[in-house]
Amino acid sequence: MASEEEIRQAFREQIAGGQILGSPFTARLGKLMLEHLDRSTEVGSRILSWEGDPGTRGDLVPTRLAGALHALIIDGKDDRLKAAYPSNEVSDDVLWTAIASAFETHEAFILERLNFAPQTNEVRRSSGLLAGFLAIADLFRRPLILSEFGASMGLNLNWDRYYHDLGGLVWGAPSSPVRLKPDWQGPAPPNIPITVADRAGCDLNPLDPNSPQDCLRLLSYIWADQVDRVERTRAALQIAREHPALVEKGDALAWLRDKRLKVLVPGTIHVVYHSIAWQYLPPDARAAGEAIIAEAGSRATEEAPLARLQMEMDDDPAGAALSLQIWPTGETRELGRIDPHGRWVRWKGWQT
């Protein structure tokens, strides 16, 4: 069982995350939990008796709780809580009273939601991924076969159906309701057309854009004061319903090994990609995944190359690393840095 200090540290991480990523309300929630959460309710007792790792690199307990509360508001189940949430302005006492009331009134719902790992599908990450795909297309000049690890609802499999402005380079669907314009620093990526020959993803628990409950679950994990993210995700959900992307349920490492990477197709470039997903694998699973991709890389040829595009956190606090490895050479380069929510990109590109 996690110690109380470990659980408190998880809420401190929530406070820091809210401050860094532009969500003052999320930071405020973390502070209120630090001040008031106790074992007087079943919800408080469950959180303070957490069995696993409650933190950011573990079970993300504060995000599970915030998502459960936000779901009550999105689904219209708690008017008192809604009145205390953004865009309303209330005192900390009023907000905490509404939360404490929700703990009692919706105890069964919150306890059930605490069982599930948070799932996000941040659409703005697509702009950084697109820049990587443009670099790959420029290097190889052939159609892309796409395999997304940890694809959730598959919203970032539809990156070419969004409108992007990458440092003045306009790319994508001009009339798309999803319009992405990150704060861009550095040169523009290559301006080159991309052909997608095939795309698919895999997730342990894929969400269905045609399921109202799955859509509610996805939207609930968006921070409650970031209305633009909610609206953008709703637009991406509509595109996902119109252009279904295959997201298979199962062990994504086995899916890569036994299905997607079993044969590399001549005349194409197979791209394995993932964004803020690899870090959630246990160390032994990460090692197994590296071995699976390296083995496929050992079979890559100039006619049937392989690429791995990653957007993952590392030891550098300045955002996530956007990195690319290509085979048959095995070269790896950092293409740039990106905000975890895709708000900004510091681009270098594949420099020779």
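Within the stretch 122-192, report the trypsin sites (Lys or Arg not before Pro) that DSSP leaves as loop and that have at most 11 other Cβ atoms within 10 Å.
Passing sites in the stretch 122-192 are Arg141.
Would any residue of the stretch 117-136 have its amide N under 12 Å from a label point 7 Å out along Cα→Cβ of Glu331? List them or say none. Flagged as within label range: 136. Working from label points 7 Å from Cα in the Cα-to-Cβ sense, the Ala188 to Asp208 distance is 4.2 nm. Listing His106, His36 from fewest to most neighbouring C-beta atoms within 10 Å gives His36, His106. Taking a Cβ cut-off of under 9 Å around Ser275, the surrounding Lys, Arg, Asp and Glu residues balance to a net charge of -2, with basic ones at +1 and acidic ones at -1.
Amide H contacts under 5 Å for Glu248: Gly201, Cys202, Asp203, restricted to partners 5 or more places along the chain or on a different chain, H placed in the peptide plane at 1.01 Å from N. Per-residue Cβ neighbour counts within 10 Å put Glu13, Glu242 in the sequence Glu242, Glu13, beginning with the fewest. Of the chymotrypsin sites (Phe, Trp or Tyr not before Pro) found in the stretch 67-153, the ones in coil according to DSSP and having at most 15 other Cβ atoms within 10 Å of their Cβ are Phe116.
For the stretch 125-347, the relative contact order works out to 24 percent when only alpha carbon pairs closer than 8 Å and six or more residues apart are counted. The phi torsions of the stretch 243-255, fed into the Karplus equation with coefficients 6.51, -1.76 and 1.60 and a -60° offset, translate into couplings of 10, x, 10, 6, 10, 7, 8, x, 6, 5, 5, 5, 4 Hz, rounded to whole numbers, with Gly and Pro shown as x.
Summing charges over all other residues whose Cβ lies under 10 Å from the Cβ of Ala296, with Lys and Arg as +1 and Asp and Glu as -1, gives +4. Modelling each spin label as a point 7 Å along the Cα-to-Cβ direction, I'd like the Gln351/Lys181 distance in nm, to one decimal. Result: 2.8 nm between the two label points. Couplings for the stretch 283-298, taken from phi via the Karplus curve 6.51 cos²θ - 1.76 cosθ + 1.60 with θ = phi - 60°, read x, 5, 5, 4, 4, 5, x, 4, 5, 5, 5, 5, 5, 5, x, 5 Hz in order; Gly and Pro are left as x.
In a fully extended conformation the segment linking Met1 and Glu42 would gain 13.1 nm over its present Cα-Cα distance, using 0.36 nm per residue.
Simple spin-label estimate for Gln19 and Arg343 gives 1.4 nm between the two label positions (7 Å along the Cα-to-Cβ direction from each Cα). Close amide H contacts of Leu207 (hydrogens built in the peptide plane, cut-off under 5 Å, sequence separation of 5 or more or a different chain): Met153.
For the stretch 315-329, backbone nitrogen atoms closer than 20 Å to the point 7 Å from Glu295 Cα along Cα-to-C-beta are found at 326-329. When each of Cys215, Cys202 is scored by the number of other beta-carbon atoms lying within 10 Å, the sequence from fewest to most is Cys215, Cys202.
Tally Lys/Arg at +1 and Asp/Glu at -1 over every other residue whose Cβ is under 13 Å from the Cβ of Ala173; what's the total? Residues near Ala173 contribute -1 overall.
Here the 3J(HN,Hα) profile of the stretch 193-198, calculated from phi with Karplus coefficients 6.51, -1.76 and 1.60 at θ = phi - 60°, is x, 10, 10, 9, 7, 6 Hz, Gly and Pro shown as x.
All of the numbers you see were taken from the coordinates with simple rules; none came from a lab. For clarity, every value in this text was computed on a predicted model and none was experimentally measured. Cβ atoms come from the backbone with ideal geometry, glycine included; neighbour counts cover every protein chain shown.
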